[in-house]
Every structure is written in C-alpha cells, then in structure tokens.
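Enquirer: Before I ask anything, here is the structure I am working with.
The values are calculated or read from the model by the stated rules, or taken from the named source; none is laboratory data. Note that the coordinates shown come from a computational prediction; the quantities given were computed from them, not determined experimentally. All Cβ positions, even for glycine, are placed from backbone atoms using ideal geometry, and neighbour counts span all protein chains on display. Areas reflect the complete protein model, heavy atoms only, side chains present, ligands, DNA and RNA absent. Shrake-Rupley method; radii C 1.70, N 1.55, O 1.52, S 1.80 Å.
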Amino acid sequence: MAWRKGCEEVANSKPLFLTIYTVVVIGIVVSSFYVFSAIYSSNPSAAQSSAWLSSLPSENTRVTDQTLNVSRSAVHFVPRPSSGAQNEWSRTIWDIPPTNKRMPPLSDFRLTKALVQQRVKDNVVIVTFGNYAFMDFILTWVKQLRDLEVSNFLVGAMDTKLLEALYWKGIPVFDMGSHMSTVDVGWGSPTFHKMGREKVILIDSILPFGFELLMCDTDMVWLKNPLPYLARYPEADVLTSSDQVIPTVVDDSLEVWQEVSGAYNIGIFHWRPTESAKKLAKQWKEMLLADDKIWDQNGFNDILHKQLGPAVDDESALVFAFDGKLKMGILPASIFCSGHTYFVQAMYQQLRLEPYAVHTTFQYGGTEGKRHRLREAMLFLDPPEYYNPPGGFLSFKPHIPKGLLLSGEHNVESHFTLVNYQIKQIRTALAIASLLNRTLVRTNFW
C-alpha cells in the first residue's frame, strides 16, 4: 500500500518532480551498468588493479595485529616487502649482453681515447674505479647517476672479476691492468696506497685525450647532476673538494680559498685538459712513483701549495696555484659534502641548500662504516633480499623516563645509567627477535 501510495503521489505531483525522479532512476541504472562492466571486464590492467587493491586490507591487518608492548616499549613486526623492491633496476646503462654471447677479450677493454669518446658528453666524462670488494659501492654510484639521467661515465676495473661482473650488467667498464686483489685492502694499507697511485696514473692517462675529467672515489654518491655547476667555472683548471668543516660561504659559490683550513680532498675533483692541469697530473704522478711513502692526497696538497695565490680575480673565487699558472677552485663543502658536513652537521640543511654529492669520509668504521652511513641515509643500493630476510624484521621504540634525560648532573655516571637503561630494552628485543627468527632493526639511542 505504501509503495502504491508513493506512485500515486508522484503521478499527481508537478511535472518538475516527475522529471527529477526519472533522471535519478536512469542514472542509477547507467552507473550500475558501468560498474559491473569494469568488474567483469577481461582487461588485464583492470584485473591487476583489482588484485592490488584487494591485497591492501590483509597487509594492513597483518601489521596491525602483529604489534606488542614489551617493557613499555612498542615492538613491531614489520611485514616482508613485496618481491618488486623499489631499488631494483628497471633500465640499463648499456644493453645487457645476451647470455649466449662470449666475453670479449681483455684487449677490447683497454683504456683508449676511442673507448672514452664513446661515453663523453659535452666533452666531459665522469670516472670512478675500484676492485671487486667495492662492487656494491660501484653499483650504487652508477644507480645514482642513472637516476639523475647522467650517462657519460666510465668505471675502471682493477681486477678481472670486477670487469666481467660489470660487463654482464651492461655497465661501461674498462680494464686498468692493475691486477689488484679482489678483497677489501683496508684504509692505510700498502695496497690501499697502491690504489691511490693508480688514480693518479689514470688521471695522467685520460687528460691527454682532451676531455674534461670528473674523477670520483667509489665511496661517494651523487645526489644532483654536478655538470651544470662545474660549467659555471669554465676558467678553472682544477675544481677540488675539501675536508673543510667550517663554511666560508653561505650560498652555493666556491669556498673562499684564503679561509679554507681543511685539506683538499681528492675523492671528488674536476680536471680540464689544460696545459697546467696536465703538467700538475704528470708531476704528481712522478712524485708518488718516486716515493712510495707519500700518501696520494698529501702529495696533491703539497704540490698545489708550492704556490698558492694570488686570486685570479675578485669575482670567480679562483686562485693561482701549483706553478703560478694553474687556476684552482675549492668546491663548497656544504653541497659537495664530506661525511662530517653531510651526516653530522647537515650543513646543507642549515644553509637551506641542495647537496650535489656526499663522500663517506670522517667515519672510522672502515668499509662497513661507509656502507652503514649510506644505508642510514637511504642512499645505498641493496639487493631485494637485503630487505627480505628469513622471518622478516622486528623493530621497537624504547621508553626512557624524562628523569634520565633531564635530571641531575651530566657526568659519566649519569651517562652510563641512561645507556644501560636502554641496553636492557635492547636485550629484551634481541631475545624476542631470536625466538621469532626475525632480524632486529636497531633503534636510535640517547
């Protein structure tokens, strides 16, 4: 009766209301048609979208359900990431050789002008080098440049194992003929110093080809394309980074050379193929080959300071150095960062600048410490399995009473009380992770 009465009211109402009811009914029918068409469509992309959407609730439920409180600390079981990790490569630098292709002879990888010419762009080539122990650093270095859409680079292989590995990954590589060990030689060791001399020999070999050379260590990563910045100083023969920890400028201009007290760092420096630069490279190489006790960076600093000054002019911040003819500039440490200015001081943030690079200096944990620094900053390229250990992860948030942070004197005793309080919570988290076969994610400590 109610339904019949409603119809009679519609029929007796004004034509405007009848029109509105009709449009609403038609809209519902049409919308339903499109919804059911999308659901049952055979379009693969639509099916994939439905599958992706339907997977989200169960994943979120798993995270929510797997949360515990232990000793007033929040412990979270972190779900495993999907197999398609965000740091996987979707493109290659070169075409990856087909698996049925044989490895070319080593002679094809010799450093020649023709080989370098293949990679040069705007007469600039970016070069790094290393042995197989630094394979993951090299892949990170390449990945960062590729993400910046910079492709004019080459990697020097100091051993055959690295050369073959990079070749089969499609990365432009050349043979340095160093016959270096494939293991990590350790900073300061005789083999480490030999690697430094290989860098100087490499610079002296490439400059006569007539190309600009941006030389880099493998334990640094690029955060921004540096080539436009370097092009701002076309008169410079050499632009070098430094170990400066006190900014001499607050913008992105070159450091004030008179105020730089830190050593010039040879982990990042740009060379132009001028006569003065080639003369510097040759004398630097001869100095190191004549005395194997000289550290390559110390030699570089000594030879540049033979004559330092005067300024080239009042505007460019370049300075005459070495033989009185070479024009040198010092890259700002706030944006061509050392480990101290990036990880510790965060100088670029204080000055509100965009960093171009970070070099993992100023840390004392060896190669593992360098990896940790870059991973901590989410700058290191790891294989997907690194983020997918057996059993998954476990993380926790420690609880610290305010009294331990704010009350009493700041002395050794209060420091150890604070630290030991946190270590007890770590011990509990480690025990839980061990029982559940999970990998514990270290938290930050006070």
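Enquirer: Being under 28 Å from GLU376 (Cα atoms) and either aliphatic (A, V, I, L, M) or touching a Gly at 6+ places or on another chain (Cβ under 7 Å) (or both), is that true of even one residue in region 268-280?
Expert: yes
Enquirer: Also: Of everything in region 249-259, what is part of a loop (DSSP other than H, G, I, E, B) and surrounded by fewer than 20 Cβ atoms within 10 Å (Cβ to Cβ)? Give them in sequence order.
Expert: Selection gives VAL249, VAL250, ASP251, ASP252, SER253, VAL256.
Enquirer: If you don't mind, there's one more thing I want to ask. From LEU331, LEU351, grab the single residue that is over 17 Å from the mean Cα position of the chain (by Cα), within 19 Å of LEU223 (Cβ to Cβ) and crowded, with 22+ Cβ neighbours inside 10 Å.
Expert: Being over 17 Å from the mean Cα position of the chain (by Cα), within 19 Å of LEU223 (Cβ to Cβ) and crowded, with 22+ Cβ neighbours inside 10 Å holds for just one of LEU331, LEU351, which is LEU331.
Enquirer: Also, I was wondering about something else. Among the residues of region 211-228 satisfying the criterion of being open to solvent by 30 Å² or more (accessible area, probe 1.4 Å) and touching a Lys or Arg at 6+ places or on another chain (Cβ under 9 Å), which is farthest from ALA157 (Cα to Cα)? Before the answer, list the steps.
Expert: Step one: of region 211-228, the residues open to solvent by 30 Å² or more (accessible area, probe 1.4 Å) are 212, 217, 223-225, 227-228.
Remaining after also requiring touching a Lys or Arg at 6+ places or on another chain (Cβ under 9 Å): 212, 217, 227.
On the way: GLU212: 20, ASP217: 13, LEU227: 24 Å.
So the residue we want is LEU227.
Enquirer: When you go through (1) part of a helix (DSSP H, G or I); (2) open to solvent by 30 Å² or more (accessible area, probe 1.4 Å) one by one for GLU149, which number turns out not to apply?
Expert: Only one criterion in (1) part of a helix (DSSP H, G or I); (2) open to solvent by 30 Å² or more (accessible area, probe 1.4 Å) is unmet by GLU149, namely (1).
Enquirer: Can you tell me which residue in region 412-446 is most open to solvent (accessible area, probe 1.4 Å), limited to those that are outside any helix (DSSP H, G or I) and farther than 19 Å from GLY392 by Cβ?
Expert: Going through the qualifying residues, I end up with TRP446.
Enquirer: So which pairs qualify, if the first residue must be in region 227-247 and in the same structural domain as GLN258 (by the TED database) and part of a helix (DSSP H, G or I), the second must be open to solvent by 60 Å² or more (accessible area, probe 1.4 Å) and not small (Gly, Ala, Ser), the Cβ gap must be under 8 Å, and the two must be at least 6 apart or on different chains?
Expert: Taking only residues 6 or more apart or on different chains, the pairs are LEU227/ASP122.
Enquirer: If I filter region 188-204 for residues that are touching a Ser or Thr at 6+ places or on another chain (Cβ under 8 Å), at pLDDT 95 or above, open to solvent by less than 50 Å² (accessible area, probe 1.4 Å) and part of a helix (DSSP H, G or I), do I get at least one hit?
Expert: The answer is no, given that none of the residues of region 188-204 is touching a Ser or Thr at 6+ places or on another chain (Cβ under 8 Å), at pLDDT 95 or above, open to solvent by less than 50 Å² (accessible area, probe 1.4 Å) and part of a helix (DSSP H, G or I).
Enquirer: Mind checking which helices (runs of 4 or more DSSP H) fall wholly inside region 289-385 and carry at least 2 residues that are more than 24 Å from GLN258 (Cα to Cα) and in contact with a strand residue (DSSP E or B) (Cβ under 9 Å, 6 or more places away or on another chain)?
Expert: Counting at least 2 such residues, we get 366-376.
Enquirer: Filtering region 120-146 down to residues that are aliphatic (A, V, I, L, M) and open to solvent by 10 Å² or more (accessible area, probe 1.4 Å), which residue is nearest to the chain's Cα centre (by Cα)?
Expert: LEU139
Enquirer: Go through the residues of region 123-132 one by one and say whether even a single one is closer than 22 Å to GLU212 by Cβ, in contact with a Ser or Thr (Cβ under 6 Å, 6 or more places away or on another chain) and among the hydroxyl-bearing types (Ser, Thr, Tyr).
Expert: Looking through region 123-132, at least one residue is closer than 22 Å to GLU212 by Cβ, in contact with a Ser or Thr (Cβ under 6 Å, 6 or more places away or on another chain) and among the hydroxyl-bearing types (Ser, Thr, Tyr).
Enquirer: Might you check whether a residue that is at pLDDT 80 or above, under 29 Å from VAL358 (Cβ atoms), of a type in the set (Ser, Thr, Tyr) and not in a loop (DSSP other than H, G, I, E, B) occurs anywhere in region 100-112?
Expert: Within region 100-112, not a single residue is at pLDDT 80 or above, under 29 Å from VAL358 (Cβ atoms), of a type in the set (Ser, Thr, Tyr) and not in a loop (DSSP other than H, G, I, E, B).
Enquirer: Within region 380-409, work out how many residues are farther than 22 Å from LEU440 by Cβ and open to solvent by less than 20 Å² (accessible area, probe 1.4 Å). Break it down into steps so the answer makes sense when it comes.
Expert: Pass one, region 380-409, residues farther than 22 Å from LEU440 by Cβ: 381, 401-409.
Among the residues that remain, those that are also open to solvent by less than 20 Å² (accessible area, probe 1.4 Å) are: none.
Residues in region 380-409 being farther than 22 Å from LEU440 by Cβ and open to solvent by less than 20 Å² (accessible area, probe 1.4 Å): 0 in total.
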